[in-house]
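This report concerns only the one structure given below.
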2 protein chains.
Amino acid sequence: MAQRNLLQFIILGLLHQTPLTGYELTKAFDSDIGEFWSAQHSQIYPQLQKLETAGSLTHTEEVTGEKLARKRYAITDTGLDTLNNWLAAPTPASTNGKDEFALKLYFIPDANDARLRPMLEAQQVEHTAKRTHLEHQLATKFPDGAPTVGLGHYLILQHAVSREHEYCDWLATALTHCR
Amino acid sequence: MAQRNLLQFIILGLLHQTPLTGYELTKAFDSDIGEFWSAQHSQIYPQLQKLETAGSLTHTEEVTGEKLARKRYAITDTGLDTLNNWLAAPTPASTNGKDEFALKLYFIPDANDARLRPMLEAQQVEHTAKRTHLEHQLATKFPDGAPTVGLGHYLILQHAVSREHEYCDWLATALTHCR
DNA sequence: TTAAAACATGTCATTAATGACACATAGGAG
DNA sequence: CTCCTATGTGTCATTAATGACATGTTTTAA
């Protein structure tokens, strides 16, 4: 297997909340879930077909306006089983952290290398921006702190924020070590 | 492009330090660099061939014992250019963080869900182990703190440690929110 | 009214990565 | 002497994912 195909579970998970069209699923990766996962429509549509063939989904056709038909997908009992099995399965600790920037640092071993400082500073700009964005998301979506319903969403946003916090701190520490 | 093919740069970076065989490169992903990247020999050998065709590498044959020949690869000036261009290029902030566990939490929105606590606890075991392992690595490889030569390696280990630290803290916080 | 933006659904060629298959030598322990 | 482990190098089928190509409708704002 090239990858673990987690997309199927994301689709099932999203459809478990409410039936959606392929287009709406695609959009979900631009907002909420886009904070920590990505997928294009060219991957989503074929996956929806596969899941339907496997009996995990069904769809109903809706017509908007004159002729434009869209397919609204809903999860089946089979699909719900698949989802729950995945949720129940142990999760590898991965933190697979394929971090390109860390990789670059690894290949600049000398603390006096002139490239080091500008690189770290550029990265600091990027991650500070990301951190600010995430903090704004958290404050906007959960102004009252941890909710009872939607806790998962809250937790992953919280996590993303503290991950960026750690990243910024790390970059700052790194800067103190180079000329 | 399916991925960014960073493997080529890792190979160039490792060979920039010292010439290595395919086998030795493979082993590098079990130790040092394995902490934050993975690759199998089935990917490495073809990549070495590609890089040699592209003029980034050359190899010399060495014979061990009676007949076993191995190929020791060295980086060329072309290869060094490729490496330096990559190092000089801006790095996307990604933190692509495709975290399977976070994904699962997202799909268990209810704080009272009975699955939540055991999941978090299991994950805590995993990540605590990983954190301990990384701290041990750091203490073993850099007993005197940040070095002048090998700073990159130190920094990424440091980063891995604090990332795991953050992860464990986050899991602990998450546990306080569920029944 | 007309043009742009959003809605909506698909296919296809290419690439990266995995795991399995395959084969052979070298060295050390029992 | 024999077996096991490590060394050493490769191929191949399959899968996941990307970006580009392709096509058409509906809504909205100038």
Can you spot a residue in the stretch A:34-50 that is more than 13 Å from DNA strand D (Cβ to nearest atom) and within 14 Å of another protein chain (Cβ to nearest Cβ)? yes
Return yes or no: is A:GLY55 away from chain B (no Cβ under 11 Å), on the phi > 0 side of the Ramachandran plot and more than 13 Å from DNA strand C (Cβ to nearest atom)? yes
Scope the stretch B:1-27; condition aliphatic (A, V, I, L, M) and either away from DNA strand D (no atom under 12 Å from the Cβ) or open to solvent by less than 10 Å² (accessible area, probe 1.4 Å) (or both); matching residues: B:LEU6, B:LEU7, B:ILE10, B:ILE11, B:LEU12, B:LEU14, B:LEU15, B:LEU25
Note on the stretch A:51-69: residues within 13 Å of DNA strand D (Cβ to nearest atom) and in contact with a helix residue (DSSP H, G or I) (Cβ under 7 Å, 6 or more places away or on another chain) are A:LEU51
Taking the stretch A:138-159 as the region of interest, how many residues are open to solvent by less than 20 Å² (accessible area, probe 1.4 Å) and more than 7 Å from chain B (Cβ to nearest Cβ)? 1
Checking the condition in contact (Cβ under 8 Å) with a residue 60 or more places away in the chain, more than 12 Å from DNA strand C (Cβ to nearest atom), among the aromatic types (Phe, Trp, Tyr) and surrounded by 16 or more Cβ atoms within 10 Å (Cβ to Cβ), which residue from B:PHE36, B:PHE101, B:PHE107 passes? B:PHE36
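Restricting attention to the stretch A:58-80, does a residue exist that is modelled with pLDDT under 90, open to solvent by 40 Å² or more (accessible area, probe 1.4 Å) and away from DNA strand C (no atom under 16 Å from the Cβ)? Full working, then the answer.
First pass over the stretch A:58-80, keeping only residues modelled with pLDDT under 90: A:63-69.
In the following step, the residues that additionally are open to solvent by 40 Å² or more (accessible area, probe 1.4 Å) were identified as A:63-69.
With away from DNA strand C (no atom under 16 Å from the Cβ) added as a condition, the list becomes none.
Within the stretch A:58-80, none of the residues are modelled with pLDDT under 90, open to solvent by 40 Å² or more (accessible area, probe 1.4 Å) and away from DNA strand C (no atom under 16 Å from the Cβ).
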Whether any residue in the stretch B:8-18 is of a type in the set (Gly, Ala, Ser) and free of Cβ contacts under 8 Å to residues at least 24 places away in the same chain is what I want to check. no
Collect the residues in the stretch B:110-123 that are surrounded by 12 or more Cβ atoms within 10 Å (Cβ to Cβ), at the interface with another protein chain (Cβ under 10 Å from one of its Cβ atoms) and out of contact with any Ser or Thr (no Cβ under 8 Å at 6 or more places or on another chain), keeping them in residue-number order. B:ASP113, B:ARG115, B:LEU116, B:LEU120
More than 24 Å from B:GLU164 (Cβ to Cβ) and out of contact with any Phe, Trp or Tyr (no Cβ under 9 Å at 6 or more places or on another chain) - does that describe any residue in the stretch A:98-110? yes
Single unsatisfied condition, B:GLN17 versus (1) within 11 Å of chain A (Cβ to nearest Cβ); (2) within 20 Å of A:ASP99 (Cα to Cα): (2)
Could you tell me which numbered condition B:ASP81 fails, if it satisfies all but one of (1) outside any loop (DSSP other than H, G, I, E, B); (2) within 12 Å of chain A (Cβ to nearest Cβ)? (2)
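The values are calculated or read from the model by the stated rules, or taken from the named source; none is laboratory data. This is a predicted model, so every value here is computed, not measured. Don't worry about glycine lacking a Cβ; one is built from the backbone with ideal geometry, like all the others, and counts go over all protein chains shown. These accessible areas exclude ligands, DNA and RNA; they are computed on the full protein's heavy atoms, side chains included. Shrake-Rupley method; radii C 1.70, N 1.55, O 1.52, S 1.80 Å.
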